[in-house]
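Trainee: Here's a structure for you.
The values are calculated or read from the model by the stated rules, or taken from the named source; none is laboratory data. Keep in mind it's a predicted model, so treat the numbers as computed, not measured. Don't worry about glycine lacking a Cβ; one is built from the backbone with ideal geometry, like all the others, and counts go over all protein chains shown.
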Amino acid sequence: MSADSPHFSFYLVQRLKKQEWPSGQGFDAIFALDYMGSSEFEWGAIPKALRSLRATVLARDTAEVTHRGVTRTIHVVGPAQGMNDRLASLNAWLADDRPRGKERSAFPENLLGQENQWDRDVIAWWAIDSDLCWALTSDVADDLWRAITGTSANADVTPSGGTA
C-alpha cells in the first residue's frame, strides 16, 4: 500500500452467521448478525452501513490474505472503486500478530483454522467501517452478494480486476 493510498479501517468487523429462521427478504433473510457487545454496532450502524454498500457499484472478487504466515483465498464483496486499497488495508490489518478491533472478529483465528466453539457458526465478516464483506467460500460470497443487492450473484458482477 503506497503512502498515497487511502487506509481503510477494520476496527468494526461484524461477524455474520447463517440465518437459522429466515423470514421475509433482504439481508436478514440470509444472514444473522452475531452479537458484538458494543454500541458501535447498534443504534442504526448496520442499516447505515448496508445503505452505504447499496449506494455503490459493487464488485465481487477473490483475494489472497496472509496472517502469521498462512495465506488463504477469500471471496470479497464491496465497492468496485477502492477495492484494491480495501484489500491492501485488510492485509495490513492481518499483518499484525494480533489484529485488533472494537470487538473480536474471530477472522484471524478462523483463517488459521483455530476457531473456537463460539465461532464455529461464523461464515462471513463485514467491516462496517470500510464497506467490505468477505467469506472463505464462494457460496457464502454469493449469499453476501444476494443479501446486499437482492439479485443473483451471477447478475451484473463487476470484477475488481486484481488482488491485494
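Trainee: Looking at segment 18-47 only, could you name the residues that are in contact (Cβ under 8 Å) with a residue 60 or more places away in the chain, under 16 Å from the mean Cα position of the chain (by Cα) and not in a strand (DSSP E or B)? Walk me through how you get there before you give the answer.
Mentor: Start the filter on segment 18-47 by keeping residues that are in contact (Cβ under 8 Å) with a residue 60 or more places away in the chain, which leaves 18, 25-27, 29-31, 34, 36-38, 40-41, 45-46.
Still in the list and also under 16 Å from the mean Cα position of the chain (by Cα): 18, 27, 30-31, 34, 36, 41, 45-46.
Of everything in segment 18-47, those that are in contact (Cβ under 8 Å) with a residue 60 or more places away in the chain, under 16 Å from the mean Cα position of the chain (by Cα) and not in a strand (DSSP E or B) turn out to be PHE27, ILE30, ASP34, MET36, PHE41, ALA45, ILE46.
Trainee: Can you spot a residue in segment 9-17 that is more than 15 Å from the chain's Cα centre (by Cα), modelled with pLDDT of 80 or more and assigned to a loop (DSSP other than H, G, I, E, B)? Don't jump to the end; show me each part of the working.
Mentor: Step one: of segment 9-17, the residues more than 15 Å from the chain's Cα centre (by Cα) are none.
No, every residue in segment 9-17 fails to be more than 15 Å from the chain's Cα centre (by Cα), modelled with pLDDT of 80 or more and assigned to a loop (DSSP other than H, G, I, E, B).
Trainee: Please verify whether segment 122-135 includes one or more residues that are outside any loop (DSSP other than H, G, I, E, B), at pLDDT 90 or above and more than 16 Å from LYS18 (Cβ to Cβ). Give the steps one after another, and end with the answer.
Mentor: First, pick out the residues of segment 122-135 that are outside any loop (DSSP other than H, G, I, E, B): 122-127, 132-135.
Filter once more, so that each one left must be at pLDDT 90 or above: 122-127, 132-135.
Remaining after also requiring more than 16 Å from LYS18 (Cβ to Cβ): 127, 132.
Yes: one or more hits.
Trainee: Which of the residues spanning segment 95-135 are surrounded by 19 or more Cβ atoms within 10 Å (Cβ to Cβ), under 20 Å from GLY69 (Cβ atoms) and among the hydrophobic types (A, V, I, L, M, F, W, C)?
Mentor: Within segment 95-135, ALA106, PHE107, LEU111, TRP134 meet the criteria.
Trainee: Still on this model: Only one of ARG60, ARG54, ARG15 is farther than 16 Å from TRP125 by Cα, of a type in the set (D, E, K, R) and touching a residue at least 60 places away in the same chain (Cβ under 8 Å). Can you tell me which? Before the answer, list the steps.
Mentor: Numbers: ARG60 fails: farther than 16 Å from TRP125 by Cα; ARG15 fails: farther than 16 Å from TRP125 by Cα.
Exactly one residue qualifies, and that residue is ARG54.
Trainee: Residues being aliphatic (A, V, I, L, M), assigned to a strand (DSSP E or B) and closer than 18 Å to LEU144 by Cβ: count how many of those fall in segment 68-97. Even if it seems obvious, please write down each step before you answer.
Mentor: Going through segment 68-97, the residues aliphatic (A, V, I, L, M) turn out to be 70, 74, 76-77, 80, 83, 87-88, 90, 92, 94-95.
Within this subset, residues satisfying the condition of being assigned to a strand (DSSP E or B) are 70, 74, 76-77.
Now narrow it down to the ones that are closer than 18 Å to LEU144 by Cβ: 74, 76-77.
So the answer is 3.
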